[in-house]
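Student: Okay, here's the structure, questions in a sec.
Derivation of every value follows stated rules applied to the coordinates shown; laboratory data play no part. The shown structure was predicted, so the numbers you read here are calculated from the model rather than taken from an experiment. As a convention, Cβ positions derive from the backbone with ideal geometry for all residues, glycine included, and neighbour counts pool all protein chains shown.
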Amino acid sequence: MDIPTTLGLARSLIVYRLNLAKQARLRRLYGRFVRPGDLAFDVGAHVGDRIWALRSLGCRVVAVEPQPAPLALLRRFYRNAPDVVLEGCALGAETGRADLLVSRRNPTVSSLSQDWVADAGQRPDFAAVAWDRPVSVAVDTLDRLIDRHGMPQFCKIDVEGFEAEVLRGLTRPIPVLSFEFLAARPDLAGACLSELSRLTEYRFNIAYGEKLVLELPAWVDAAAMNAHLHSLSSGIASGDIYAMAGLPERA
């Protein structure tokens, strides 16, 4: 493993994996959606902070990670874990292969979306980021993942601008999902809202940054969430949108 990759993984472990306060917040939030024995998908598992939180809640986890270095780390962490299955691929609208644009020093922003990378590269907050290693990876779909492992109760998707493509590979509603949003690209989150709305009637809520707290007092429909995304204050850069099929009885 080269020096930039090693440094990038070390930073990710400190920021994500070893952040115990964040783990507590994740458990509180995810505990609203899952119960012991539930199946959960972690799409874009990175260094496994979500795997850790979901396992601590008693979930079985299928984790998807296409980046070679984080995947190797996850395999070391979970090689003897019967409740974790690792899928070394990306997800998209259809099966095949694609070029993953890897940032060795900042692996959390590696992406399959050339459009997202080109746009991010023009923004001041990404000025120090270089996507310096393209890697050809296998691409599968959410539908095929469900065929292999079963329907998850919860699916987290964090794939740096490729979330809508992942959802295009899904033809049946998952009870609860989350996907990342960037305030600077509400169009990408809007595409995700549209993809979910073709599957069933979902209700939505939102968490800002790494607070991991649902901000809206009531779950709203796709149109209301889309309007909310276009009215965010300048201090909110990113976060996650949560989608629940039907009424949020388990929340």
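Student: Restricting attention to region 111-168, which residues are small (Gly, Ala, Ser), free of Cβ contacts under 8 Å to residues at least 60 places away in the same chain, surrounded by fewer than 15 Cβ atoms within 10 Å (Cβ to Cβ) and under 29 Å from Val84 (Cβ atoms)?
Tutor: Across region 111-168, the qualifying residue is only Ser136.
Student: For Asp2, are the conditions met, namely being touching a residue at least 12 places away in the same chain (Cβ under 8 Å), loosely packed, with under 15 Cβ neighbours inside 10 Å and more than 11 Å from Arg55 (Cα to Cα)?
Tutor: Here the answer is yes, as Asp2 does meet what is asked.
Student: Let me ask something additional. Being among the hydrophobic types (A, V, I, L, M, F, W, C), buried (at least 16 other Cβ atoms within 10 Å of the Cβ) and either touching a His at 6+ places or on another chain (Cβ under 8 Å) or at positive phi (or both): is that true of Val220 here?
Tutor: Criteria met by Val220.
Here is a yes/no grid of residues against (1) under 23 Å from Arg133 (Cβ atoms); (2) of a type outside the set (Val, Ile, Thr):
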position	(1), (2)
Ile3	yes, no
Arg25	no, yes
Tyr30	no, yes
Leu73	yes, yes
Arg76	yes, yes
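Student: Still on this structure: Looking at region 90-102, which of its residues are in a loop (DSSP other than H, G, I, E, B) and either in contact with a His (Cβ under 6 Å, 6 or more places away or on another chain) or more than 12 Å from Val159 (Cβ to Cβ) (or both)?
Tutor: Answer for region 90-102, where residues must be in a loop (DSSP other than H, G, I, E, B) and either in contact with a His (Cβ under 6 Å, 6 or more places away or on another chain) or more than 12 Å from Val159 (Cβ to Cβ) (or both): Ala93, Glu94, Thr95.
Student: Based on this model, can you work out whether Phe41 counts as surrounded by 15 or more Cβ atoms within 10 Å (Cβ to Cβ) and closer than 14 Å to Cys155 by Cα?
Tutor: In short, yes.
Student: From Leu54, Leu74, grab the single residue that is farther than 17 Å from Gly150 by Cα, out of contact with any Pro (no Cβ under 9 Å at 6 or more places or on another chain) and buried (at least 17 other Cβ atoms within 10 Å of the Cβ).
Tutor: The conditions single out Leu74.
Student: Of all residues in region 204-217, how many are in contact with a helix residue (DSSP H, G or I) (Cβ under 9 Å, 6 or more places away or on another chain) and either crowded, with 18+ Cβ neighbours inside 10 Å or not charged (D, E, K, R) (or both)?
Tutor: Selection size over region 204-217: 8.
Student: Would you mind finding the one in Leu29, Leu9, Leu86 that is without any contact (Cβ under 8 Å) to a residue 60 or more places away in the chain and not in a loop (DSSP other than H, G, I, E, B)?
Tutor: Only one candidate qualifies: Leu86.
Student: Just to be sure I understand, how many residues within region 32-83 are closer than 24 Å to Glu163 by Cβ, charged (D, E, K, R) and touching a residue at least 24 places away in the same chain (Cβ under 8 Å)?
Tutor: Qualifying residue count for the region: 7.
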